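FYI, it's all coordinate maths here, none of it is from the lab. Keep in mind that what you see is a predicted model, and the values were worked out from it rather than measured. Here the Cβ is made from the backbone with ideal geometry for all residues, glycine too, and neighbour counts use every protein chain on show.
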Amino acid sequence: MTKTVPTLTLNDGHTIPQLGFGVFKVDPDETMRIVTDALEVGYRHIDTAAIYGNEVGVGDSIARSGIDREDLFITTKLWNDRQGTESVFDAFDESLEKLGLEYVDLYLIHWPTPAQDKYVESWKALEKIRETGRARSIGVSNFLEPHLQRLLAETDVVPAVDQIELHPAHQQPATTAFARRHGIQIEAWGPLGQGKYPLLDEHVVAIAAEAHRKTPAQVIIRWHLQTGNIVFPKSTRRERMIENFDVFDFELTRSEMSAITSLERVGRVGAHPNEVN
Ligand code: NAD
């Protein structure tokens, strides 16, 4: 099995491993063990957030791993109740402190929370943080096309990424097309449908899995990679971490790709970004 994770180049020139490991709903008490497992398996890109409550565990496992900081790519996110200006600087300092890091590779606004109407102001604070080098890249999460349009019109830095719910049953074509046109990389959260949407049971997925002697999860992850998405599936089980990382020794054919793409049906499993406030 090759373990070479491809990297994508962001619009600010930094590179990001296309496959990483997410820690949403990973119990803070178990985070150290789980992220240590993920690092041992080979993951070098970890996606956390202040609201996940597990930045300390992520930081501890990084510190104990002995892996060169430059070989890791760490993302965290600003929670909704800290949007603004000074509150963003404070929240960012707290996240860095919890992670025990001098910089993060990527800092994101977690949700636009349009009812608060503070995401433009918050983004300007992220621009300032980026200038200090303590966040190498900055981006957004759960921003739909209108939110992105406003940022592009009213601020200076184009987000490096937009992290949105995206899987074959919910592909968000308008947002992804707009983002790609403006050089914003797409990060797909809930890449496996969070286990809520029965993606892994879809017939076309099973057929491709059988053809390549792979599992349905591996086929879906491969679909993301070949689509150009950045992806960080979550699993607390080491055998699944290994499985989800073992996706670089096969390639889906054009017809397998389009059969999976045709599973689109607005199968959103998370909240609508306009309704999270
Ligand atoms: P996911 O689609 O990665 O699904 C995770 C679930 O899929 C697991 O709990 C497990 O039940 C199942 N699973 C994992 N590997 C499997 C395998 N090989 N075979 C069968 N089932 C398997 O969903 P997620 O964790 O919500 O998303 C991934 C990451 O995205 C998160 O951990 C987090 O970092 C990020 N995320 C971000 C946001 C956001 O608002 N920005 C929201 C949710 C998640």
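Against the main long axis of the alpha-carbon atoms of the chain, helix 55-65 sits at an angle near 70°. With the simple spin-label model, which puts each label point 7 Å out from Cα in the Cβ direction, the residue 93 to residue 33 separation comes to 3.5 nm. Between the Cα long axis of helix 86-99 and the first principal axis of the chain there is an angle of about 50°, rounded to the nearest 10. Summing +1 for each Lys or Arg and -1 for each Asp or Glu among the other residues whose beta-carbon sits under 9 angstrom from that of residue 31 gives -4. As a length-normalised measure over Cα pairs under 8 Å and 6 or more apart, the relative contact order of the chain settles at 20 percent.
Were the residues from residue 248 through residue 261 laid out at 0.36 nm apart, the gain over their Cα-Cα distance would be 2.7 nm. In degrees between 0 and 90, to the nearest 10, how far off the longest principal axis of the chain does helix 119-132 point, with axes built from Cα atoms? Taking Cα atoms only, the helix is inclined about 90 degrees.
Gyration tensor over the Cα atoms of region 119-238: the corresponding equivalent ellipsoid has semi-axes (square roots of 5 times the eigenvalues, largest first) of 32, 15, 11 Å. Quantify how much of the Cα-Cα distance distribution of the chain extends past 22 Å, in percent. Distances greater than 22 Å cover 55 percent of the Cα pairs. Volume per residue for region 169-254 equals 105 cubic angstrom (convex hull of Cα atoms).
What GluC sites (Glu not before Pro) in region 26-124 are in a loop by DSSP, with at most 16 other Cβ atoms within 10 Å of the Cβ? Those satisfying the criteria are 102.
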